[in-house]
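Trainee: My questions will all concern the structure given below.
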Amino acid sequence: MRRLLQTQSVLRLIAAVGFSLLLTAGAACTSAPVGPVGPSEYVPIPPPTFGAPSPEIDSAGVTHTYWKVTGQPSADLRDLWVYITNIDMGAGTIVRSATDGSYATRVEGQQDNRILFSFGAPNGPTMCASLREGPANVPCQ
C-alpha cells in the first residue's frame, strides 16, 4: 500500500510538471526577447546558444537527437528555473541557472523545431527560437 501511494505521488508530480510545460507551450513562441518580471519591470533575456546536434540510440534502438543549450551569464536571471520546451515535440526540460545567471542543458529535437524558453516560472519572461546550431537568433514562426 505504501509503495502504491509513493507511485501515485510520483505520477502526480510528473503530471504537474507536464501540465506546466503544456501551459508554457500554449504561449506558442509569440514573445519578444524581453519579458515581465514584476508589475512593470522588464529584463533583457540573453539569447541562448544551441550546440551541434548529437544523435543517441536508446535501449529500444530508437534514435533521438539532442542539442546542447547554453545561456550566457545574466545578473537578472541568476538562480532561476529555466523551462525549455520543444513545442513541436511537446517535450522539454527544466534546469536551474547558476549564481551568474548562466545555464547549460540539452533538449531533444530536430532542426527548425520551435523552442520556448521561460525564466523563473512557466509564466515568467519568455523567448522563442527556432532550433539551429549557433546563437538563437531565428525567431519562431
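Throughout, read-outs are computed from the coordinates displayed, never taken from laboratory work. Fair warning: this is a prediction, and the values are worked out from it, not measured in the lab. All Cβ positions, glycine included, derive from the backbone under ideal geometry; neighbour counts span all protein chains shown.
Trainee: Compute the relative contact order of segment 75-119 as a whole-number percentage, counting only Cα pairs closer than 8 Å that sit 6 or more residues apart in sequence.
Mentor: Relative contact order here is 47 percent.
Trainee: May I ask for the net charge around residue 53, where only other residues with Cβ less than 15 Å from the Cβ of residue 53 are counted and Lys, Arg are +1 while Asp, Glu are -1?
Mentor: Charge balance near residue 53 sits at -2.
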